[in-house]
Amino acid sequence: MSSPSSSVQESRRALGRRLREIRKESGLTGRELAKRAGWHESKCSRLEHGKTPPSDADIREWTRLCDATEQVPDLIATARGIDGQYVEWRRMEQTGLKRAQESVRPLFERTRRFRTYQSWVVPGLLQTDAYTRAVLNTVSTLRDVPDDIDEAVAVRMDRQRILHSGNHRFAMVIEEWVLRTVIGDAETMAGQLGHLITIASLPSVSLGIIPLGLPRGVGWPVESFASRKEFRGHVTAGALLLRADGRVLLVEHKALGKWLFPGGHLEEDDETLMRAALRELAEETGIDPGLVTPVSPIPLHIDVHPIPANPAKDEPDHRHFDFRFLFRTAADVATLQAEEVLDYSWQFADQVTAEPLRSRLLAVPTG
C-alpha cells in the first residue's frame with residue numbers, strides 16, 4: 001500500500017513510460033522529437049521521466065509526430081486524472097491529517113490481500129499509538145498542515161481493526177534498519193518493537209525482516225540515496241564546466257533564486273554519476289555533450305547543502321550530496337532550460353567563495 005501522494009508520482013512516471021514507448025515505436029530519438037516539436041531536448045526527458053506533467057498540447061504534438069494520434073483521448077484523460085488526483089490529495093491534506101487518514105479507509109476495507117515493503121518506517125497498520133503520533137507530528141511540521149494529530153492517530157488506530165476481522169491477509173517486509181531507527185524516543189521504539197512481536201503472531205499476518213548485511217544481488221531497496229524520494233538526503237550530480245581562460249559556468253536557478261553550478265537529480269538511464277552530470281549540463285544549457293571533455297571520472301568536489309521544502313512537489317526540506325565533476329569546453333551556452341534556468345554567467349574561479357572548491361578550481365591548469 002502506498003500513500004496517495006506517492007501514487008501520484010508513480011502515475012506520472014507510468015504516463016511518462018507510455019510516452020517513451022510511443023516514441024520508441026515510432027523510431028524517433030528524444031533529440032529528434034524535440035527538434036521537430038521545437039522544444040528543448042530536455043523537455044522530452046522530463047516528460048518521459050514524469051518530472052514534468054504533459055499539457056494537452058504536449059500530448060497532441062507528441063502523438064502527431066509519432067503517428068499515434070489515436071491514443072490522444074486516452075492519454076489526455078490519464079494526464080487530467082493524475083492532475084486531479086494530486087490536487088484533491090493536497091486540498092484534502094490542507095484540511096487536516098484526520099481527513100487524509102479517513103480517505104483511505106474504504107480502500108483498506110475492500111482490500112483482501114495486502115503486500116507491503118517499507119524501508120523508512122514501520123507500516124501504518126503495525127504502528128503503535130505513540131509511534132504513529134511521532135510520525136504524524138513530523139508530517140504536520142514538514143508539510144505545514146493543520147494540527148489535528150490526536151484525531152488522525154485515532155483514525156489510524158481504528159483502521160487497524162482489519163488485522164483482526166474479515167477475510168484479510170497481510171504480507172509485510174521491512175528493512176532491519178527501520179527497527180533500529182529511533183522514531184519519537186527510546187520508550188516509543190521499545191513499545192513499537194514489542195507490538196511487532198505480538199502482531200507477528202496473528203494468523204493473518206506474515207512479517208519478514210531483511211537483515212542488515214545481507215547480500216542483495218539485484219534486490220536493492222526501492223528507496224535509496226540515489227532516489228529523490230529519500231528525504232533524509234540524496235545524491236545529485238553537478239558539472240564544473242571550465243573554459244580555457246579559467247572561467248567556470250554558473251546558472252541562475254529559477255526555483256531557488258540562486259546562482260549554482262549546472263546539475264541535478266539522477267535518472268534511471270544514468271550509467272554513472274559523471275554521465276548524470278553531463279546530461280544535466282546539456283539539459284540546462286543546451287551545450288552539445290560532444291563539445292565537452294571530462295577531465296576525470298573522480299569528482300573534483302562533493303558538496304552537502306540544504307534544500308528548502310517544496311509543497312508543490314510534496315517534498316520536505318532535505319539535503320543534497322552533490323558530486324561535482326570537472327569538464328572542459330570551448331563552447332558557449334546554446335539554449336537555456338526555461339523551466340528551471342533564468343540566466344547564465346561565466347565567472348573566473350577566484351570569484352568562487354566556497355572552500356575547498358575555490359582552491360581546487362584555481363589549481364586546475366588553464367589553456
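The values are calculated or read from the model by the stated rules, or taken from the named source; none is laboratory data. Predicted model only: the values in this text are computed from it and were never measured. Cβ atoms come from the backbone with ideal geometry, glycine included; neighbour counts cover every protein chain shown.
Summary of values
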item: Residue match in region 305-321 (condition: surrounded by 16 or more Cβ atoms within 10 Å (Cβ to Cβ) and either without any contact (Cβ under 8 Å) to a residue 12 or more places away in the chain or on the phi > 0 side of the Ramachandran plot (or both)); result: yes
item: Strands (runs of 3 or more DSSP E) contained in region 299-367 and holding at least 3 residues basic (Lys, Arg) and either at pLDDT 90 or above or assigned by TED's automatic domain parsing to the domain that holds VAL251 (or both); result: 318-329
item: Qualifying positions in region 117-174 - among the aliphatic types (A, V, I, L, M) and within 19 Å of SER201 (Cα to Cα); result: VAL122, LEU125, LEU126, MET157, ILE162, LEU163, ALA171, MET172, VAL173, ILE174
item: Looking only at region 33-49, and only at residues there that are small (Gly, Ala, Ser) and crowded, with 20+ Cβ neighbours inside 10 Å, the one that is nearest to GLN337 (Cα to Cα); result: SER42
item: Residue match in region 120-130 (condition: modelled with pLDDT under 85 and either closer than 23 Å to HIS234 by Cα or among the charged types (D, E, K, R) (or both)); result: yes
item: Output for region 251-260, where each listed residue is touching an Asp or Glu at 6+ places or on another chain (Cβ under 9 Å) and surrounded by fewer than 23 Cβ atoms within 10 Å (Cβ to Cβ); result: GLU252, HIS253, LYS254, ALA255, LYS258, TRP259, LEU260
item: Candidates ARG228, ARG169, filtered to the one that is within 30 Å of TRP346 (Cβ to Cβ) and modelled with pLDDT under 90; result: ARG228
item: Residue check, GLY286 among the small types (Gly, Ala, Ser), crowded, with 17+ Cβ neighbours inside 10 Å and more than 27 Å from ALA363 (Cβ to Cβ); result: yes
item: Close pairs from region 60-81: first exposed (fewer than 13 other Cβ atoms within 10 Å of the Cβ), partner at pLDDT below 85 and outside any helix (DSSP H, G or I), Cβ under 6 Å, at least 6 apart; result: none
item: Counted residues, region 334-367 - those being more than 15 Å from LEU260 (Cα to Cα) and β-branched (Val, Ile, Thr); result: 3
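Residues are listed down the side, and each one gets a yes or a no for (1) out of contact with any Ser or Thr (no Cβ under 9 Å at 6 or more places or on another chain); (2) outside the structural domain of ARG112 (by TED's automatic domain parsing); (3) over 24 Å from HIS320 (Cβ atoms); (4) at pLDDT 85 or above:
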| position | (1), (2), (3), (4) |
| --- | --- |
| GLY238 | yes, yes, no, yes |
| VAL251 | no, yes, no, yes |
| TRP259 | no, yes, no, yes |
| ILE287 | no, yes, no, yes |
| LEU291 | no, yes, yes, yes |
| PRO294 | yes, yes, no, yes |
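Yes/no per residue for (1) under 16 Å from the mean Cα position of the chain (by Cα); (2) more than 17 Å from SER42 (Cα to Cα):
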{"position": "LEU260", "(1), (2)": "no, yes"}
{"position": "ASP270", "(1), (2)": "yes, no"}
{"position": "ARG275", "(1), (2)": "no, no"}
{"position": "THR293", "(1), (2)": "no, yes"}
{"position": "SER296", "(1), (2)": "no, yes"}
{"position": "PRO308", "(1), (2)": "yes, yes"}
{"position": "HIS320", "(1), (2)": "yes, yes"}
{"position": "ALA330", "(1), (2)": "no, yes"}
